[in-house]
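Engineer: The structure follows.
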Amino acid sequence: MKKFAAFALSVFVVLSIMLTSFFGVNAATSVSWNFKDTNFKSLGTISSTITVDDLTLNATSSKTMSVKSNTVTVDSTSYTYCLALGGGGSTSYRSVKVPVSGASTIKVIADAASTRTLILADENGTTLGSNSVTSTAEQETFSYTGSSGYVYLYSSGSNINLYKIQVDSTSSSSSSSSSSSSSTSSSSVSWNFKDSDYKSLGTITTTKTINDLTLNATSEKYMQIYANTVTVNSTSYTYALSLRGAGSTSYRSVKVPVGSTSTIKVITDAEASRSLALADANGNRLTTWSVGTTAQQVTYSYSGSAGYVYLYSTSCNINIYKIQVDSTGTSSSSSSSSSSSSSSSSSSSSSTVSGAVSTYSALVSAIDKAEAAGGGTVYVTGTEIACSGQIALSTTNANVSIVGVANSDGSYPVLEFESFLDSYIGKSTSDSAVGIRITGSYYTIKNLIIQHAPDNGIQIKGSSAGNNTVSNVIVRYNNDAGLQITSGAYSNTIEYVSSYRNCDVYTLGGNADGFAPKLGAGKNNTFNYCYAWDNSDDGWDSYDKSGDLTPNITYTNCACWHNGDYTTFTGEWDLAQGNALDEEMLMIRLIEAQSSTFKTKYNSGTISLPTSSFISTSSGTLSISSWKSNYDGNPNGFKFGSAYSDSSCVRTVKNCLAFDHDKKGFDNNNSAVTASFTNCVAFDNGYNYYISPFTITGWSNVYGFSGSSSDKLPSGYSVTTPSSSTQSSIRSKVTTTKNNIISYCQANKIPSSLYFDIF
């Protein structure tokens, strides 16, 4: 209901300081949450902790709560939905975590089946007050006199129903004695990146100001919010702002409002020993903290003009979990809104929020409502949503975001299209079989896992499909390409997406690329920090047919490995690697349906494939042996076009990596496109670079080694071969990162914090 609740609270602190300092009055604010509001009433059963409009509902799979329809009347006001606590609670489960700003009055509309006790506790779990709740709904009131932060509401025993929560806060300061100088006021403001306003941001590519905290980023100098848990002084922090690299006051930095005298506290860590800088508004460095692998709080006492300071890394990535400013004196408030960026008004965020959902029908309904309202954010909760059909997104200027909410273990919701796939077993597919199909504009898909679609996991198609964002997503086990952009779709941003083990079983593996910006995709499609591996066709494919042109594509910090190998899908490759049998793959399921002993023999270390014909294809029903011999997948990394793609098609490749492909790492596929390569590495491919006769507009730091065949390059260009020790270092770093990425994905955790740090 109150999308900008946290913003209001932080602004209140600033305003109260100004009013008491200059006019000698108190400032107050009131924030409320009613469970009949759209954001809450569709939640249903709550089995994991979720934050909606800055109100946190703490639940577990065994200690659930639920939002349900129930009508009561208190003081002539009707309340139609309640949060049923479900039983006794604590600060960890079956409780509501409520933000407060200093001295506050907390009002709760509640009832129960019989007389029960409602507890108010502070952040340490200390009981602050208790009220008896009866079968007659009424307002329960608590007084809070502590500092800004959070309090908890829960039942001491059995279920209590909560209909509405309201916090009326008052901030006051004592004026100084009869001195002509203005009085001194103090405040404490903090920003925790696990809070709902931050944790769903994902990749940050433009400067944003949220709750008066400014995150400075550019398209080249990204930052990232991701799930990561650390504990400092018995307090857990579950989300971090990853600075990604060295910064300045202009990029990869945090602009923090401070008073004239302030103590700045930062919870931080890093993958290795690094330096976190604090600079003043003019860029003058005030201090540098040493940050290591153990999360810690660093502190600095600031004395200067009220205004802003900046936090940034002097070198590589540093994680920041929380920032707190304890100020004495006046503070500077930001004149910007609670969320701003360089995007147009048709950006992916909106003031309309369509609520949280945990079922397919609720998801489709919530999307429809958000589209009809002109925009909104639909939060997806839970571990798995069974999707029996397509999710079709077709509205122009939709301004709709579909965002997964992290579970308590750091995993993200899976959109499971298995029942949809079952209806296509042995059949040809079309666009109607795609999992998420985007034909409209200004949609955002974030923090989700899409698997087992009968066709593409995600498809962005058509000349009206522009300015969409897919961020922090996994696409896997789909029966065609993981993600496809085609037929004029333009200006789409694909970032932090992992695409693996997609295989078009019934068309012999020849279509299921990791990423497929092809067949006349439109202008200005970009891929940032995307990874493709173990797909039945190429890692990336930009194939054009006659009459098609895919004009320009940008690949930055992308990597691909081991694509186009049919033994992946029969289990042979996994067995050779010592991996467990991957029963998520469709081919393995088909094999197991034919052979009751296949899994047992696999687990004992042998492959015994059925010999009968059971794979339905356009060529007829084939055996495994025939499927292999007719296999149409290509073991290539980046395929940049086809014989129909001419020099008007531009490929910009920066900080990209291709390895372990039987044919080519970087492949022209008979095309003659225009391309630039900066900081690229290829090794252990058939050909590392097969890119003649490209027109090269940029060529810098291009490395390759251990290719089976000599590179095919345009005249006048060469690839640098690193020294043996550098090759060994590259292999070691790549292997570690690759294995970590795979482990994250297998645990349903999105590896947005992991990147190949070799450039």
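Engineer: Specify the inter-centroid distance of the range 674-701 and the range 422-456, based on alpha-carbon positions, in whole Å.
Structural biologist: 32 Å
Engineer: Related question: What whole-number volume per residue, in cubic angstrom, does the convex hull of the C-alpha atoms of the range 541-636 give?
Structural biologist: 133 Å³
Engineer: Hey, can you rank 113-122, 652-661 by average C-beta count inside 10 Å, highest first?
Structural biologist: Ranked from most to least packed, the peptides come out as 652-661, 113-122.
Engineer: Report, to the nearest whole %, how much of the accessible area of the chain belongs to carbon and sulfur atoms, 1.4 Å probe, protein only.
Structural biologist: Accessible surface attributable to carbon and sulfur in the chain totals 42 percent.
Engineer: Please give the peptides 308-316, 420-428 ranked by average Cβ packing (other Cβ atoms within 10 Å per residue), highest first, as a rough proxy for protection.
Structural biologist: 308-316, 420-428
Engineer: Of PRO635, PHE677, ILE741, whose Cα points farthest to the positive end of the dipole of the range 596-743 (charges on the beta-carbon: +1 Lys, Arg; -1 Asp, Glu; origin at the Cα centre)?
Structural biologist: ILE741
Engineer: Expressed as a whole percent, how much of the Cα-Cα distance distribution for the range 446-544 exceeds 15 Å?
Structural biologist: 53 percent
Engineer: Do any of LYS199/LYS221; LYS194/LYS518; LYS36/LYS461; LYS36/LYS107; LYS265/LYS749; LYS97/LYS749 go past 27 Å between their Cα atoms, and which?
Structural biologist: LYS194/LYS518; LYS36/LYS461; LYS265/LYS749
Engineer: Quick check: the angle from helix 5-23's long axis to the longest principal axis of the chain, C-alpha only, nearest 10 degrees?
Structural biologist: With both axes taken from Cα atoms, the answer is about 40 degrees.
Engineer: Given H placed 1.01 Å from N in the peptide plane, which residues other than close sequence neighbours of VAL258 have an amide H under 5 Å from its amide H?
Structural biologist: GLY307, TYR308, VAL309, SER332
Engineer: Which value, in debye to the nearest 20, gives the size of the charge dipole of the chain about its Cα centre, when Lys and Arg are +1 and Asp and Glu are -1 at the Cβ?
Structural biologist: Here the size comes out at about 980 debye.
Engineer: Still on this model: Go through the range 750-759 residue by residue and turn each phi into a ³J(HN,Hα) via Karplus (6.51, -1.76, 1.60, θ = phi - 60°); whole Hz please, and just put x for glycine and proline.
Structural biologist: 8, x, 6, 8, 9, 8, 7, 8, 10, 9
Engineer: Can you give me the angle between helix 724-746 and the longest principal axis of the chain, using Cα atoms only, in degrees from 0 to 90, rounded to the nearest 10?
Structural biologist: 60 degrees
Engineer: Can you tell me the 0 to 90 degree angle between the C-alpha axis of helix 360-372 and the longest principal axis of the chain, rounded to 10?
Structural biologist: Helix 360-372 sits roughly 70 degrees off the main axis of the chain.
Engineer: Using a 1.4 angstrom probe, figure out how much accessible area the chain has per residue, in square angstrom, rounded to the nearest whole.
Structural biologist: Heavy-atom SASA per residue in the chain reads 36 Å².
Engineer: With +1 on the Cβ of every Lys and Arg and -1 on the Cβ of every Asp and Glu, and nothing else charged, how large is the dipole of the range 243-283 about its Cα centre, in debye rounded to the nearest 20?
Structural biologist: About 100 debye.
Engineer: Starting from one equal scatterer on each C-alpha and no solvent at all, send me the Debye-based log10 I(q)/I(0) for the chain at q = 0.07, 0.08, 0.11 Å⁻¹, two decimals.
Structural biologist: -0.55, -0.71, -1.22
Engineer: Nearest 5 is fine: what % of DSSP beta bridges in the chain come out antiparallel, could you say?
Structural biologist: Within the chain, antiparallel bridges account for around 55 percent of the total.
The values are calculated or read from the model by the stated rules, or taken from the named source; none is laboratory data. On a predicted model such as this, the values are computed, not experimentally measured, just so you know. Cβ coordinates were reconstructed from backbone atoms using ideal geometry, including for glycine residues, and neighbour counts include every protein chain displayed. SASA here: full protein model, heavy atoms, side chains in, ligands and nucleic acids out. Shrake-Rupley method; radii C 1.70, N 1.55, O 1.52, S 1.80 Å.
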